[in-house]
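Below you'll find the structure, written out as structure tokens, and then a few comments.
The values are calculated or read from the model by the stated rules, or taken from the named source; none is laboratory data. No experiment lies behind these values; they were computed from the predicted model shown. Every residue, glycine as well, gets a Cβ built from its backbone with ideal geometry; the counts of neighbours run over all protein chains shown.
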Amino acid sequence: MSKEHQKNSSVLIKRYAGRRLYNTASLAYVSLDDLANMLLSGQRFVVVESETGDDITRAILDRLH
């Protein structure tokens, strides 16, 4: 599966100022615990900085451990 296809099938999470995480699929703010539950349930997500669009998924996943 290509990276582009993986991103298209993933939920987009945007990180805003103050480290607030926004789930664009559910239209709600989420916590790190919510992301951990998504991960455990097999749901894919990508986390990006809202202002720059930089992919910060790896940094967020590192915080979940």
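Which of the residues that make up segment 9-48 are in contact (Cβ under 8 Å) with a residue 24 or more places away in the chain, under 10 Å from the mean Cα position of the chain (by Cα) and in a strand (DSSP E or B)?
Val11, Leu12, Ile13, Lys14, Arg15, Leu21, Tyr22, Phe45, Val46, Val47, Val48
Sort out which residues of segment 31-65 are surrounded by 14 or more Cβ atoms within 10 Å (Cβ to Cβ) and β-branched (Val, Ile, Thr), and write them in order of number.
Val46, Val47, Val48, Ile56, Thr57, Ile60
Quick one: in segment 12-25, of everything that is modelled with pLDDT of 95 or more and within 17 Å of Ala59 (Cβ to Cβ), which residue is surrounded by the most Cβ atoms within 10 Å (Cβ to Cβ)? So that I can check it myself, show each step before the final result.
First, the residues of segment 12-25 that are modelled with pLDDT of 95 or more: 12-16, 20-25.
After this cut, where a residue has to be within 17 Å of Ala59 (Cβ to Cβ) as well, the list is 12-16, 20-22.
Details: Leu12: 14, Ile13: 23, Lys14: 16, Arg15: 18, Tyr16: 12, Arg20: 12, Leu21: 19, Tyr22: 16.
Per the criteria, the residue is Ile13.
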